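Readers should treat all values here as calculations from the given coordinates under stated rules, not as data from a laboratory. No experiment lies behind these values; they were computed from the predicted model shown. Virtual Cβ from ideal backbone geometry, glycine too; neighbours counted across all protein chains shown.
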Amino acid sequence: MSDAPQPTSGTLSIRVIRACRVHAECALECPERKVLDRGVVASFDRRFDIKQKIKEAYWTWRHSSQSPEKP
C-alpha cells in the first residue's frame, strides 16, 4: 500500500436537498427539489503548522551544526 498525500487545508459545507414534491423518484439534480445551503460548518488549515515545524527543524539543525565558541 502506498501513502497518499494528506490535505493541508479544507472545508466542509452542508447542502440539504429536500424530496421532490412533483416526482416520486427523480434525480438529485431535479429543478423541483428545494436546496438549502447551510454554508461552511468546519474547516482546517495545517499550512501554518507545517511552516512552523520546518522553521523549528531548521533552527534545531542550525544550532546543532554551529561550532562551539572558543574560550
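Of all aspartates and glutamates in the structure, those lying under 18 Å Cα to Cα from Lys53, and not within fewer than 8 positions of it along the same chain, are Asp45. Which of the aspartates and glutamates could be linked to Lys34 by a straight reach, that is with a Cα gap under 17 Å, when you skip same-chain ones fewer than 8 residues away? Hits, sequence-local ones excluded: Glu25.
Helical content alone sets the calculated 222 nm signal of the chain at -9000 deg cm²/dmol, taking -39,500 (n - 2.57) per DSSP H segment of four or more residues and averaging over every residue.
Here the chain is assigned +1 on the Cβ of each Lys and Arg and -1 on the Cβ of each Asp and Glu. Its dipole about the Cα centre then comes out at about 220 debye. Relative to the longest principal axis of the Cα atoms of the chain, the long axis of helix 47-65 makes an angle of roughly 10 degrees. Overall size of region 11-65 from C-alpha positions, given as principal axis extents largest first: 73, 17, 11 Å.
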